[in-house]
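In what follows, a structure is listed as C-alpha cells, so that the remarks can point back to it.
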Amino acid sequence: MDLTSVKTIKDISSRYGFVFKKGLGQNFLTDNRVLEETVDAAEIENGVLEIGPGFGVLTYALAKTGKKVVAVEVDDRLLPVLEETLSEFDNVEVVLQDILKTDIKELLKDKFGDNKISIAANLPYYITTPIITRLLELRLPVNNMVFMVQKEVAERIAAKKSRDVGAISLYCQYFAEPEIICTVPAGSFYPPPKVDSAVLRLKMLDEPRVKVEDEELLFKVIRASFGQRRKTLANGLSGGLGLDKQTITEIIKKCGFSETVRGETLSLEDFAKISDEISIVKRGAK
Ligand code: SAM
C-alpha cells in the first residue's frame with residue numbers, strides 16, 4: 001500500500017469514515033523524497049520515537065529501517081487505521097497519548113532503556129514551539145531530532161543572521177546544531193495546509209554550546225530580550241529580572257556593548273556573558 005498516494009489516503013478515509021481534524025494538524029505527507037530525507041537525517045542507531053503517526057506514512061518508512069519505532073498518537077480514530085497500515089511490522093508500537101501530557105522521559109526509559117534514540121515527527125503546527133522546547137529541556141538520551149515544521153519556523157530556528165534570530169533559535173542553538181534538511185511545499189500534503197513547510201534537524205550537542213553559571217537565568221535573559229523586540233536590551237531586561245535600569249546598563253557596558261544595543265543583534269555567547277554578569281550582581285545583592 002502506497003501511503004504517499006492521495007488516492008490511498010482518500011480510500012482509507014472513506015473506508016474508515018475518517019474526517020480530517022484541522023485542530024490536530026492532520027495534513028498527511030505525500031512526498032517520498034521528503035520521507036527518505038527525514039529518515040536519513042534521523043540517523044537512527046537504536047530506535048526512534050515518532051510523534052503523530054497519522055495514517056502511518058512516516059512510521060512505515062521508519063519501521064523499514066528495522067529499528068524499534070514507538071509512535072505516540074492522540075487521536076484514537078487512527079488506531080484501527082495504523083493497525084492495518086503497519087500490519088507487516090513487528091518492530092512498531094503505537095501509544096495512544098497526548099504528547100504534551102506524556103512523561104516523555106519515562107516513556108523512553110520504558111520503551112528503549114538507556115539507549116540513545118532519534119526523534120522524528122511531522123509536527124502539528126499548534127504544538128511546534130511547546131514540544132520542541134520541552135524535548136530540549138528534558139535532556140533526553142537523543143542523538144537527533146528531525147521535525148517537519150512551518151518553513152518560517154525552521155528558518156528562524158536555523159537562522160545565523162541576527163535580524164532573523166528569535167528566542168527559540170538561541171534556545172535550540174544552546175542544546176543542538178540546527179540544520180534545514182529540505183523545504184516542502186504545501187502541495188506535498190493531503191489535505192494541503194495553508195503554508196509551506198521544512199524539515200529541520202536538531203543534532204544534539206554533547207554539552208550545551210555555552211557554559212553559564214545559571215542556565216535558568218540565561219533563558220530568562222533571552223526571553224526578556226526577545227519579548228520586547230523593539231526596545232533596547234536595557235529596557236527589555238530591566239522589567240523582568242528584578243534589577244533596576246542603571247544596574248542593567250552598567251552590566252551591558254561592562255560586557256563590551258553599547259547601552260543602546262538591541263537583543264536581536266547579540267549571539268548566544270553574548271547572552272551567556274551578560275547572564276553571568278547578572279548572576280554575579282544578583283549573588284552580591286543577596
Ligand atoms: N505522520 C503523519 C504524516 O507525516 O503524514 C501525520 C502528521 S500530521 C501533520 C500530525 C499528526 O499528529 C496527526 O496524526 C495528529 O492526530 C497528531 N497529533 C496532533 N496533536 C497531537 C498530540 N498532542 N500528541 C500526539 N499526536 C498528536
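Just a few scattered comments:
- A single entry from ILE157, ILE252, ILE181 fulfils the requirement of being at pLDDT 90 or above and not assigned by TED's automatic domain parsing to the domain that holds GLU137: ILE252.
- Segment 74-158 holds helices (runs of 4 or more DSSP H) entirely within its bounds, and those carrying 3 or more residues that are in contact (Cβ under 8 Å) with a residue 60 or more places away in the chain map to 79-85, 128-137.
- Residues that are open to solvent by 50 Å² or more (accessible area, probe 1.4 Å) and either at pLDDT 95 or above or within 14 Å of the ligand (Cβ to nearest atom) (or both) within segment 118-151 comprise TYR125, TYR126, THR129, PRO130, ARG134, GLN150, LYS151, listed in sequence order.
- For segment 99-114, the criterion of a residue being among the hydrophobic types (A, V, I, L, M, F, W, C), within 22 Å of VAL6 (Cα to Cα), touching a helix residue (DSSP H, G or I) at 6+ places or on another chain (Cβ under 7 Å) and within 14 Å of the ligand (Cβ to nearest atom) is satisfied by no position.
- Residue match in segment 238-261 (condition: open to solvent by 10 Å² or more (accessible area, probe 1.4 Å), under 30 Å from LEU123 (Cα atoms) and not aliphatic (A, V, I, L, M)): no
- One residue stands out in segment 176-195 among those that are more than 30 Å from ALA272 (Cα to Cα) and of a type in the set (A, V, I, L, M, F, W, C): the one that is surrounded by the fewest Cβ atoms within 10 Å (Cβ to Cβ), namely VAL195.
- Any hit, segment 58-68, residues being without any contact (Cβ under 8 Å) to a residue 40 or more places away in the chain, β-branched (Val, Ile, Thr) and within 11 Å of the ligand (Cβ to nearest atom): yes
- Residues that are of a type in the set (Lys, Arg) and part of a helix (DSSP H, G or I) were ranked within segment 1-52; the one that is nearest to the ligand (Cβ to nearest atom) is LYS22.
- Enumeration of residues in segment 257-269 that are within 12 Å of LEU233 (Cα to Cα) and part of a helix (DSSP H, G or I): GLY263, GLU264, THR265
- Segment 152-175: number of residues that are aliphatic (A, V, I, L, M), more than 20 Å from ARG262 (Cα to Cα) and open to solvent by 30 Å² or more (accessible area, probe 1.4 Å): 1
- Number of the exception - PHE189 against (1) free of Cβ contacts under 8 Å to residues at least 60 places away in the same chain; (2) closer than 25 Å to THR8 by Cα: (1)
A quick yes/no check of all residues on (1) of a type outside the set (Val, Ile, Thr); (2) more than 20 Å from the chain's Cα centre (by Cα):
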site: VAL39; (1), (2): no, no
site: GLU43; (1), (2): yes, no
site: THR59; (1), (2): no, no
site: LYS67; (1), (2): yes, yes
site: ASP76; (1), (2): yes, yes
site: LEU108; (1), (2): yes, no
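The values are calculated or read from the model by the stated rules, or taken from the named source; none is laboratory data. Quantities reported herein were computed from a predicted structural model and do not represent experimental measurements. In this analysis, Cβ positions are derived from the backbone assuming ideal geometry, glycine residues included, and neighbour counts consider all displayed protein chains. The area values use the complete protein model at the heavy-atom level, side chains included, leaving out ligands, DNA and RNA. Shrake-Rupley method; radii C 1.70, N 1.55, O 1.52, S 1.80 Å.
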